[in-house]
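Nothing in this text is a laboratory measurement; each read-out follows from the coordinates by a stated rule. None of the values given here were measured: they were computed from a predicted structure. Counting neighbours? That spans all protein chains shown, and the Cβs are built from the backbone with ideal geometry, glycine included.
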Amino acid sequence: MNQERILAETESVCPECLQRIPARRVQRGDDVYLVKRCETHGTFEVIVWRGEPAHSAWVRPKTPTAPEHPLTPVEQGCPFDCGLCPEHRQQTCTALLEVTQRCNLHCAFCFAAQFDGAAETGQVSPDPDLATLEGWYRGLLRASGPCNVQLSGGEPTLRDDLPAIVALGRELGFDFIQVNTNGLRFAHDPDYVAALKTAGLASVFLQFDGAEDTIYRRLRGRPLLAEKEAALAACAAHGLGVILVPTLVPGVNVHAIGDIVRFGLAHAPTVRGVHFQPVSYFGRYPTPPTDEDRITLPEVIQELAAQTEGLVRAEAFVPPGCENALCSFHGNFVQLADGRLHAWTRRRSCCCQPKPAEEGAADARKFVAHQWVAPEPDAGVMPPGPSLGGWDEVLERARTHGFCISGMAFQDAWTLDLERLRDCCIHTVAPDGRIVPFCAYNLTDRHGQALYRVTSDRASETSQV
């Protein structure tokens with residue numbers, strides 16, 4: 001039996017009642033578990049880190065920075081005072097604006113799980129009007145300045161006025177606006193895509209779970225691959241950069257990690273990268289998910305190395321510079337003309353002082369705003385100068401064929417670690433204008449009751465696959 005070692009004391013919530021409870025990160029062999037106990041509902045433990053790279057080598061220090069303009073006071077303590085409160089330890093890198101709760105798919109897994117299927121019964125909230133959205137934009141500017149913005153939902157492309165929402169944000173000073181979409185309208189309405197581009201849309205965050213329809217049947221309810229490809233073609237035609245976003249579910253599409261990367265590279269430079277999201281569990285779960293129902297970040301890294309057969313190496317991936325190290329990984333690459341990937345990831349020397357949080361957030365904003373947009377038509381033209389040998393090709397291709405591979409482990413009621421939550425830099429604007437860390441905003445207990453989301457009268461079942 002592996003010897004148990006306590007790595008850190010932290011806090012979490014009870015999956016049954018969402019009360020704040022003490023928790024520990026505990027190492028057993030190469031694996032790390034979050035172990036916690038509620039006085040009413042007992043002990044819970046869940047895998048949060050499985051295998052290499054080693055947890056101890058991955059964690060790195062970070063100098064926290066409180067929000068410059070917190071909107072809520074500290075009264076009950078984390079995670080109950082989000083707004084952001086003065087005890088939050090990171091500024092906003094990306095802010096999500098949920099422009100609708102309507103959707104045109106019935107997905108097995110969804111951050112907005114309680115809204116799944118509610119559109120037919122009229123039990124979703126009405127879409128916020130442009131005046132409300134302008135208030136959200138202006139509130140963001142006051143709180144954090146012109147951060148990166150993602151328009152989300154629901155399915156935001158169900159709004160015919162989405163181009164006007166993009167244009168409004170650009171007029172107010174937000175230079176990078178991205179839409180988070182399943183791509184179905186893009187596949188069938190090229191004029192809509194053109195209107196979004198004209199309005200100033202910078203990037204598309206495209207749901208993409210694999211290159212085979214068996215995956216879509218299980219995760220999204222029907223075959224979608226042809227429509228995903230048509231959506232990509234529409235984005236290419238109008239110069240919109242795309243990030244492919246797979247939800248990774250054990251037993252469904254973990255085997256497809258390498259194929260997703262190869263698909264993205266085959267559609268570069270329109271596809272600017274792949275952002276993997278290991279499944280997290282929201283909504284109703286009469287039977288709590290087991291450790292076999294989860295895939296952790298180090299496992300994704302190892303699958304990337306194994307399934308791409310040397311195209312990418314595990315050593316190319318590093319912890320984030322913005323959010324908590326246990327939340328994500330990223331690797332930056334240049335796709336060479338012969339198909340090889342040249343690793344371009346910037347590593348920090350271990351002897352350097354940790355970067356202040358506000359600098360990490362600023363760097364993350366700049367990277368996304370540069371890397372996730374389509375290259376300009378003449379971006380590959382190198383200025384005249386002396387030859388740099390083999391670096392000439394790398395530098396020239398970097399202008400047009402940069403490719404990022406990343407992953408982010410969102411937290412649910414079982415995995416929530418309040419130390420990680422306080423370091424969150426991805427925030428959602430709540431209907432009342434508060435700015436709430438993404439994982440707190442989407443958090444539900446296992447019965448589907450939310451901490452921050454305004455739920456419909458009928459929370460739907462979130463099905464196991």
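Here the contact order of the chain, divided by its residue count and restricted to Cα pairs under 8 Å and six or more residues apart, works out to 22 percent.
Remark: the chain carries a charge dipole of roughly 620 debye about the Cα centre, counting +1 on each Lys and Arg Cβ and -1 on each Asp and Glu Cβ. A straight line joining the Cα centroids of the range 1-57 and the range 305-326 runs 23 Å. Converting phi to 3J(HN,Hα) with the Karplus coefficients 6.51, -1.76 and 1.60 and the offset θ = phi - 60°, the range 200-210 yields x, 4, 9, 7, 10, 9, 9, 3, 8, 9, x Hz in sequence order, with x at every glycine or proline.
Sort the range 240-332 into rounded, prolate or oblate with this rule: let a ≥ b ≥ c be the square roots of the eigenvalues of the Cα gyration tensor; rounded if a/c is under 1.5, and if a/c is not under 1.5, prolate when a/b is larger than b/c, oblate otherwise. Prolate is the answer for the range 240-332, as a/c is 1.5 or above and a/b outweighs b/c. When the Cα positions of HIS55, GLY169, CYS110 are compared along the charge dipole of the chain, HIS55 comes out farthest toward the positive end, with charges on each C-beta of Lys, Arg, Asp and Glu.
In the chain, the calculated helix contribution to ellipticity at 222 nm averages -7500 deg cm²/dmol per residue, counting -39,500 (n - 2.57) for every DSSP H run with n ≥ 4.
By the gyration tensor of its Cα atoms, with a ≥ b ≥ c the square roots of the eigenvalues, what is the shape of the range 71-221: rounded for a/c under 1.5, prolate for a/b over b/c, or oblate?
Judged from the Cα gyration tensor, the range 71-221 comes out oblate (a/c at least 1.5, b/c at or above a/b).
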